[in-house]
Amino acid sequence: MMLRYVLSAAVTAAALLTLPGCAVTRGQQTVGAYVDDSAITTSVKARFVESKDVDAAAISVETLNGTVMLSGFAKSATEKAAADGIARKVNGVKAVRNEIVVRP
């Protein structure tokens, strides 16, 4: 009988610890906006992988409220511009902050 109470308490504690981790940080954005931003990030990364002009592994993509931030390293100004252009063409993108550093 005591084992049942201990097990029940452990399961409840585990649920209380993991469920709040699924929530969006307070004051950041709504859950819907978070999902939209995740879809934009995924779409930009997928287009980078498909492109022969961009090294997808060297460029990071983050999205917040429709604004995409690109960071990382490019081999040329042409690659940096190509990454910017690809990101701007993705549906839902409101703005692009291109922080890519050209490193020959």
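The values are calculated or read from the model by the stated rules, or taken from the named source; none is laboratory data. Please read all numbers here as calculations on a predicted model, not as lab measurements. Every residue, glycine among them, receives a Cβ derived from its backbone with ideal geometry; neighbour counts consider all protein chains shown.
List of remarks:
- In the range 82-99, the residue that is farthest from Val31 (Cα to Cα) out of those that are in a loop (DSSP other than H, G, I, E, B) and of a type outside the set (D, E, K, R) is Val90.
- Reported count of residues in the range 59-92, each being more than 29 Å from Gly32 (Cα to Cα) and either at pLDDT below 95 or within 16 Å of the chain's Cα centre (by Cα) (or both), is 0.
- Positions within the range 44-87 being β-branched (Val, Ile, Thr) and within 16 Å of Glu99 (Cβ to Cβ), in sequence order: Val44, Val54, Ile59, Val61, Thr63, Thr67, Val68, Ile86
- All positions within the range 48-81 that are part of a helix (DSSP H, G or I), in contact (Cβ under 8 Å) with a residue 24 or more places away in the chain and out of contact with any helix residue (DSSP H, G or I) (no Cβ under 7 Å at 6 or more places or on another chain): Ala77, Thr78, Glu79
- When the range 67-104 is filtered for residues that are closer than 20 Å to Thr42 by Cβ and of a type in the set (Gly, Ala, Ser), the ones remaining, listed by number, are Ser71, Gly72, Ala82, Ala83, Gly85, Ala87, Gly92, Ala95.
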